[in-house]
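To start, the structure under review is shown below, and the notes come after it.
The values are calculated or read from the model by the stated rules, or taken from the named source; none is laboratory data. If you're wondering where the values come from, they're calculated on a predicted model, not measured in any experiment. All Cβ positions, even for glycine, are placed from backbone atoms using ideal geometry, and neighbour counts span all protein chains on display. In case anyone asks, the SASA skips ligands and DNA or RNA and just uses the protein heavy atoms, side chains included. Shrake-Rupley method; radii C 1.70, N 1.55, O 1.52, S 1.80 Å.
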Amino acid sequence: MSAQTGACPTTLLRDALLGEASPAGRREVEAHAAHCPACREEMDRLQLTQAALLSVRDEEPLRRIAFVSDKVLQPRWWQVWRWSAPRATFASAALVAAAIVAHGALTRPATPVVQRASVDREALRRSVAAEVEKQVGERMQLALAAAEQLQEQRTAAVVAARLAAVEKRNELDRQALLVAFEEQVSVLQKTNHRLIRDMRDIAYVADEQGRGQ
Amino acid sequence: MIFREAEDLDLIAQARRGNVDAFNLLVSRWERRIFNYVLKLVNQREDAQELCQEVFLKAHQHLHKLDDPARFAPWLFRIAHNEAYSLLRKNRPETELDGDPTVVRPSPRMLPIEVSLAVETALARLSADQREAVILKVYQGFKFEEMAEILSCPVSTVKSRVYAALDNLKETLAPVHVGGGK
């Protein structure tokens, strides 16, 4: 007996093993057995016992059993009647229902007033349907137009934004090209000045040499 | 299991209307379980086979008496229980069926010999009631309520038989280890 968990639930333990305990009962047993060595051992022994029993396999019957049609196997007349009674009752009820429906369909109206009322209803139904269709069509047209307009506005906004982005990018590229061109021009000018100076120096030296001779 | 039960209900309904094929299909689904159940009771394979045939013959003849087709399994096993005990009484009229059984002759099985013999010996030591309770509970998987219906006794009686049987079997099949007792 476990001081921690109280009395040992022996019956519940067996029921849990035999599949008769509720999920809460099984959890209670597991929780108790975790702290109670005696119950843990009891569970193990019962599980071992059950496993040993179940290790004995079933055998196949010596011969298969099959029945053939025979008078002894045929249901008696009163059994057929008894088991067909519900169906007979249902069939009778179905017949009665069909008779009622047929009577209602075939019976002529009592007075001409009923006939006139059905004609008015038909015309009313047609006019109502036409009006509904007209209104539905108009509203659909309005909704379509609004949707198209909205779509155009959105498309124009998107196009304008993209154009602006392209313009901006082009401007930046143009400015970058301009800066690069100006730098190249500056480099070329400096190079040109140096060449001119060098050529002057060369001409001066050549002139001096010519005088010396 | 749910689908199988639904199919059984349909087969039972057809069999009641005289459909022999439907009943044969029902037989094919249950004959193995019935055979092994009665075999463990009578422990003779030929006797078990004959009992099995008798069980299904009576089942078909009295199928109209089954009030709730959903209770077919306990109803069928009740027939098997009655047939088995009728045979046991006929073969051994002087034997007290509630007491210890006479020597049970082991039937040939293709199993580890040691476990098979140990289980047979342990089951043979039980009373007939306890042995049958274990067979219905452990081997056939019935609930206590269903067993009470099969055995025509209160649920409390069924429980006490099963618990007592397990205590006895435990001593043989799962003895306490020396030095590791309670």
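Annotation note: of B:126, B:136, B:97, the sole residue that is closer than 30 Å to residue B:156 by Cβ, at pLDDT below 90 and within 18 Å of the chain's Cα centre (by Cα) is B:97.
Within the stretch B:2-54, restricting attention to residues that are aliphatic (A, V, I, L, M), closer than 29 Å to residue B:124 by Cα and within 9 Å of chain A (Cβ to nearest Cβ), the residue that is surrounded by the fewest Cβ atoms within 10 Å (Cβ to Cβ) is B:39. Number of residues in the stretch A:22-62 that are within 13 Å of another protein chain (Cβ to nearest Cβ) and within 28 Å of residue B:115 (Cβ to Cβ) equals 26. If you go through the stretch A:34-58 and keep only what is crowded, with 18+ Cβ neighbours inside 10 Å and either farther than 23 Å from residue B:160 by Cβ or of a type outside the set (Gly, Ala, Ser) (or both), you end up with A:36, A:39, A:42, A:43, A:45, A:46, A:49, A:50, A:53, A:56.
Residues of the stretch A:20-29 that are charged (D, E, K, R) and either at pLDDT below 90 or buried (at least 16 other Cβ atoms within 10 Å of the Cβ) (or both): A:20, A:26, A:28. Mind listing whichever residues of the stretch B:148-176 are within 11 Å of chain A (Cβ to nearest Cβ), of a type outside the set (Gly, Ala, Ser) and within 27 Å of residue B:30 (Cβ to Cβ)? Answer for the stretch B:148-176, where residues must be within 11 Å of chain A (Cβ to nearest Cβ), of a type outside the set (Gly, Ala, Ser) and within 27 Å of residue B:30 (Cβ to Cβ): B:155, B:158, B:159, B:162, B:166, B:169.
The set of residues in the stretch A:2-19 being open to solvent by 50 Å² or more (accessible area, probe 1.4 Å) and either closer than 19 Å to residue B:176 by Cα or within 13 Å of chain B (Cβ to nearest Cβ) (or both) consists of A:10, A:11.
Taking the stretch B:149-158 as the range and being touching a Lys or Arg at 6+ places or on another chain (Cβ under 9 Å) and open to solvent by 10 Å² or more (accessible area, probe 1.4 Å) as the test, the residues that pass are B:149, B:151, B:152, B:153.
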